[in-house]
1. I'd like the full set of residues that are in a helix (DSSP H, G or I), of a type in the set (A, V, I, L, M) and touching a residue at least 12 places away in the same chain (Cβ under 8 Å), limited to region 421-460.
2. Would you mention how many residues in region 347-359 are within 11 Å of the ligand (Cβ to nearest atom) and surrounded by fewer than 20 Cβ atoms within 10 Å (Cβ to Cβ)?
3. Applying the selection to region 258-277, what residues are open to solvent by less than 30 Å² (accessible area, probe 1.4 Å) and in a helix (DSSP H, G or I)?
4. Only one residue in SER298, SER294, SER280 is more than 16 Å from the ligand (Cβ to nearest atom), of a type in the set (Gly, Ala, Ser) and surrounded by 21 or more Cβ atoms within 10 Å (Cβ to Cβ). Which one?
5. Among the residues of region 399-408 satisfying the criterion of being small (Gly, Ala, Ser) and in contact with an Asp or Glu (Cβ under 8 Å, 6 or more places away or on another chain), which is nearest to the ligand (Cβ to nearest atom)?
6. If we scan region 214-230, do we find a residue that is within 30 Å of GLU402 (Cα to Cα) and either open to solvent by 40 Å² or more (accessible area, probe 1.4 Å) or part of a strand (DSSP E or B) (or both)?
7. Taking interchain pairs and intrachain pairs at least six residues apart, which have beta carbon atoms under 6 angstrom, with the first residue in region 104-126 and surrounded by 12 or more Cβ atoms within 10 Å (Cβ to Cβ) and the second in a loop (DSSP other than H, G, I, E, B)?
Amino acid sequence: MAEKKKFQAIKGTRDLLPPETELWNRVEQTAREVFGTFGFGEIRPPIFEPTELFARAVGGETDIVSKEMYSFEDRPGGLPDPANVPPEDYTAAVEHAMKTGQIPNNEYSLEILKFQLGNLAARNQLPDQAERAYLIWRYAATSLTLGESLGLRPEATASVCRAYIEHGMHAWPQPVKLYYTGPMFRRERPQKGRYRQFYQIGAEVLEMVPPNQDPAKNIGKDAAVDAEVIEMVMAFFARLGLEGVKLEINSIGDRECRPKYVELLRAELMKVKDKLGPDSQRRIETNPLRVLDSKVESEQGIIAGLPKIADHLCANCAGQYAEVKRQLGMRGVAYAENWRLVRGLDYYMRTTFEITARGLGSQNAVCGGGRYDGLVELLGGPPTKGIGFAIGEDRLILSLQEAGKGGVAQGRDVFVAWMGEKAQATAIAAAQKLRAAGFRVELPPVEQKFGKALGQADKLGARYALILGDDEIATGQWTVKTLADGSQAKMSEAEFLEMLRKSL
Ligand code: HAM
């Protein structure tokens, strides 16, 4: 007998079950409606892409890419099995596949194969070593990385930009406004509100920059786009009744002013290096901006005294930031400025923002976003502006539930309690009609004594029990029991439908 194995969802992943999934659907439906009113259309990019896309877009040095990505080697297609062909032929096949672009060009792997081939030829001269040498060659051949590295997406902005380029969306009416919903994957330490498979609802606005456009001329327009995107998320949260919503904004400058600020920050941090923890010490070298993100208690006083980016923005960035704030004001969107908001992805410039909500503990960021002009270009497309955000749907749901806003319509509208063969035919017909009219109906597959049937109707949270027995069939007068108060009434099928329509 096969050994019994208990399978469980992998750590950091979970099953979303009814009735909670009703709430997930309601949230996603509301997003579709609200985003639709702002002119957004849905994009559904694939869940895996070349690892390099994320490394390029999000940044190879970021935690998300360097520590948290789920990546795997795609099986290289079109190559012979090394066990079935002579080693020289296999090596030649690999070289050919690399040259013709069937598999990624990987000189290192090819070099190892050729080296082992030489090794094999040398050892073949010694009769007692030939077999061993062949096995070593085969081990090398089968364990080399020859396929493309693919990654489960840790976020979707990179995919949306890739799609913008791939489908020539710069030729669509600009700006292109897209939204998405779906799972993302990051190998983080699981805790409340933090999962390894989590769900985002995100939106992006992309707009090709016309040739010779003066960047200073469009500061007002960009700021209005930023403010409208933020206004849209806030409208969505308001529609859901999310509580304790706080919006924080910042500007992190651009290619012009940020490098100078980063150097200044690095110099200041070097002066206090000894007082910082190991993570921040390391970041002085790799990414000084991320030191501002530190939650380490003993570093807070030091960070408070560091130079603030707002004082070092170039004229264009400062002008744009001021205009974003004015635009948010015009739209009635309340915000707080947080100069330490730098975000953990490399593609941002100028506007960044984060939204927190109540009831989430330490993982309280329910939405993050910002502007990323230049990202499409970095991925090989035309000069393009971009701004967007992603909402952590798991956290959004959690916050709604904690505030008692997670209520979903449970149970059934009608439980059909039937007894007798004739009654079954009527019960099936009744269930068909009721379902076609949109009501949720439970029809037991076998007849049950009425007492038992009513007990089950109660357990399922049904509103009404439709009782169909010999009497009801003979007279055409159905018995309808209201389960909340136990009252009972006789009525025709048409009257029952009418009553349901009015009461539900
Ligand atoms: P992000 O800040 O990395 O930004 O993620 C956005 C939101 O996803 C977070 O605020 C959080 O609510 C949720 N989230 C992130 N990681 C987890 C996790 N492990 N478990 C549960 N929820 C999580 C981005 O992903 C950018 N692509 C946003 C963006 C779009 N920027 C411009 N356009």
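1. The first filter runs over region 421-460 and keeps only residues in a helix (DSSP H, G or I), leaving 421-436, 450-459.
Pick out the ones that are also of a type in the set (A, V, I, L, M) and you get 423, 425, 427-431, 434, 436, 453-454, 457.
Matches in region 421-460: ALA423, ALA427, ILE428, ALA430, ALA431, LEU434, ALA453, LEU454, ALA457.
2. Result for region 347-359: 1.
3. Scanning region 258-277 gives TYR261, VAL262, LEU265, LEU269.
4. The match here is SER280.
5. Initial filter on region 399-408 (small (Gly, Ala, Ser)): 399, 403-404, 406-407.
Next cut, in contact with an Asp or Glu (Cβ under 8 Å, 6 or more places away or on another chain) only: 399, 403, 406.
Numbers: SER399: 10, ALA403: 17, GLY406: 17 Å.
Applying the filter and picking the extreme gives SER399.
6. Yes - at least one qualifying residue is present in region 214-230.
7. Note: pairs meeting the criteria are PRO104/GLU148; SER109/LEU144; SER109/LEU146.
Yes/no per residue for (1) closer than 14 Å to PHE353 by Cα; (2) more than 13 Å from the ligand (Cβ to nearest atom); (3) not in a helix (DSSP H, G or I):
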site: VAL366; (1), (2), (3): yes, no, yes
site: ASP373; (1), (2), (3): no, no, yes
site: LYS385; (1), (2), (3): no, no, yes
site: GLY388; (1), (2), (3): yes, no, yes
site: ILE397; (1), (2), (3): no, no, no
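The values are calculated or read from the model by the stated rules, or taken from the named source; none is laboratory data. Since we're looking at a predicted model, the values are computed, not measured. Because the Cβ atoms are built from the backbone with ideal geometry, glycine has one as well, and the counts that use them run over all protein chains shown. Note: accessible area is taken over every heavy atom of the protein model, side chains too, but ligands, DNA and RNA are not part of it. Shrake-Rupley method; radii C 1.70, N 1.55, O 1.52, S 1.80 Å.
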